[in-house]
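Take a look at the structure below.
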Amino acid sequence: MAEQFRFYTEAGLVIHTNFKAESLKSLLIGLKKVSGSSIFYHMHHALLRRHFATSDQMNDFARWVMVQLGQTSLAERLASIDPMACHSVREAREQLISYVQDYVGAGELFFRVAEGNEFHFLELHSMVLPLKSHADDLESFYHGLKKTSSGTLFYHMIEAPIRLGKPSNDFSEWLKNSLNEDQLAEE
């Protein structure tokens, strides 16, 4: 008999950190010093908080650099970082730092934004909550998925693999390991 799949959801409290950026140099300092939770929030949770129109697929850093600083080429580089391709928060942080550092290192003069337009580093304190839904087979899994919220999908597809260092998302792992549905798990 297959191992039962338990559905969970994620909820969290967004908290201001003591870091803010008013220029690219202060953004770089913040990227190096803030907690991993802050990087995760601005890179990964941006996926959950935005509609998926083309212009909205930017992470929070890219959006701020584009809108407040007008640095289009850097914003495009920052937006090119695919949070789903990053296997850890550390990897996402290193890519962000590398792109900003290279851009700042080019030696151009960078201005500060007006008060009120700073980038405020936030972090999310998450809670993972079990749901009543569970699945014992492919049919019950399908019906469970139909009832899920974006928080549930986000937790199983993005948060669990990143935060828990899993090789894949929870859905694919369960399909492969419990139901031997290798092809479906791959898809």
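The values are calculated or read from the model by the stated rules, or taken from the named source; none is laboratory data. The model shown is predicted, which means the values in this text are computed figures rather than measured ones. Quick reminder, even Gly has a Cβ in these numbers, built from the backbone with ideal geometry, and neighbours come from all protein chains shown. Side chains included, ligands, DNA and RNA excluded: accessible areas come from the protein's heavy atoms. Shrake-Rupley method; radii C 1.70, N 1.55, O 1.52, S 1.80 Å.
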In segment 172-187, how many are touching a residue at least 24 places away in the same chain (Cβ under 8 Å) and charged (D, E, K, R)?
1
Across segment 127-184, which residue is surrounded by the most Cβ atoms within 10 Å (Cβ to Cβ) among those that are touching a helix residue (DSSP H, G or I) at 6+ places or on another chain (Cβ under 9 Å) and aromatic (Phe, Trp, Tyr)?
TYR155
Run GLU108 past the list (1) modelled with pLDDT of 90 or more; (2) more than 30 Å from LYS146 (Cβ to Cβ); (3) more than 12 Å from the chain's Cα centre (by Cα) and report the number of the one that doesn't hold.
(1)
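Is it fair to say ALA79 is open to solvent by 20 Å² or more (accessible area, probe 1.4 Å), in contact with a helix residue (DSSP H, G or I) (Cβ under 6 Å, 6 or more places away or on another chain) and over 13 Å from TYR8 (Cα atoms)?
Judged against the criteria, ALA79 is a match.
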Which condition from (1) modelled with pLDDT of 95 or more; (2) farther than 30 Å from PHE7 by Cβ; (3) open to solvent by less than 50 Å² (accessible area, probe 1.4 Å) is the one that LYS33 breaks?
(3)
Using beta carbons and a limit of 8 Å, which pairs, at least six apart or on different chains, have the first residue in segment 151-162 and under 13 Å from ALA11 (Cβ atoms) and the second one polar (S, T, N, Q)?
GLY151/THR9; THR152/THR9; TYR155/THR9; GLU159/SER126
